[in-house]
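Novice: After the C-alpha cells below, expect a handful of questions from me.
The values are calculated or read from the model by the stated rules, or taken from the named source; none is laboratory data. Remember, predicted model here, so these are calculated numbers, not experimental data. Note that we place each Cβ from the backbone using ideal geometry, even for glycine, and neighbour counts take in every protein chain shown.
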C-alpha cells in the first residue's frame, strides 16, 4: 500500500479529484495527509470530512524559505510518503527541499509546458494569441515549472475567452489528467529516461499521456 501526502494552499480542487479517484478506482494507496501553508485553505475542510489527517505549516511564521521548507519536510516525513502531490501549493520550494523528494514529487501546472511558466498563465496564453492552451503534470525539479512531463491536456482557446473562462476549461481537464498521472506513479508504471532534470517520462505499459478536449472540456 503506497502512501501519499498532498500539499495545498487554497480550495484544493485537484486534491479533491485525486482523493475521489483513489477511492472510486480502488488504488493500492492511502492519502495519509493533506498539508497546507495557509490555515484558511478551504481544501482542509474537504480532507477532514473524508477522514484524512490535516496539518498546517503557516509560511507567515517563518523568516526564510529554508526554515519554512525544513518545517514542512518535518511534517511530511512523519507520514513516510511514497509520493508528494502538489495540488495548487503556491510556494516556491528551495532546491534542497526539491532534492529531498526528487523522483517522488508531482505538480500540475495550468499551461502546456514549457510554454507559460509562472503565474497568470491563462492571461499569458490569451496575450500570446495561442489557439490551444492546457495543463501539464510533471515531476518537480529545482527549476520552477520545469521537469519531466508525465501527462498533458490541451483545450481550445475560443473567441470571446477571458482568463476566467479559459481557466475554468483548463481546470476541468486538470481534474482528469492529475489523478491519472498519480495512479500511474502508484502502480509503478513511470520511469524517467535521461537526466532527471530534463528527462523523458516513459509509461509502461504504454497508453496515451495526453488528452485533447473540446470546448466543453470533454476528451476527444
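Novice: In this structure, is residue 142 outside the structural domain of residue 55 (by TED's automatic domain parsing), in contact with a strand residue (DSSP E or B) (Cβ under 8 Å, 6 or more places away or on another chain), in a loop (DSSP other than H, G, I, E, B) and surrounded by fewer than 18 Cβ atoms within 10 Å (Cβ to Cβ)?
Specialist: So residue 142 does not fit the description; no.
Novice: Under 24 Å from residue 84 (Cα atoms), surrounded by fewer than 21 Cβ atoms within 10 Å (Cβ to Cβ) and free of Cβ contacts under 8 Å to residues at least 24 places away in the same chain, is that true of residue 188?
Specialist: yes
Novice: Those residues that are under 14 Å from the mean Cα position of the chain (by Cα), within 17 Å of residue 171 (Cα to Cα) and not in a strand (DSSP E or B), I need them from region 100-116; list them, please.
Specialist: Matches in region 100-116: 110, 111, 112, 113.
Novice: What's the total number of residues in region 22-49 that are under 22 Å from residue 168 (Cβ atoms) and buried (at least 18 other Cβ atoms within 10 Å of the Cβ)?
Specialist: The number of residues fulfilling the criteria is 3.
Novice: A follow-up question, please. Kindly check whether there is at least one residue in region 86-99 that is touching a strand residue (DSSP E or B) at 6+ places or on another chain (Cβ under 8 Å), surrounded by fewer than 23 Cβ atoms within 10 Å (Cβ to Cβ) and without any contact (Cβ under 8 Å) to a residue 60 or more places away in the chain.
Specialist: Yes, region 86-99 contains at least one residue that is touching a strand residue (DSSP E or B) at 6+ places or on another chain (Cβ under 8 Å), surrounded by fewer than 23 Cβ atoms within 10 Å (Cβ to Cβ) and without any contact (Cβ under 8 Å) to a residue 60 or more places away in the chain.
Novice: Determine whether region 200-216 contains at least one residue that is modelled with pLDDT of 95 or more, at positive phi and not assigned by TED's automatic domain parsing to the domain that holds residue 1.
Specialist: For region 200-216, residues modelled with pLDDT of 95 or more, at positive phi and not assigned by TED's automatic domain parsing to the domain that holds residue 1: absent.
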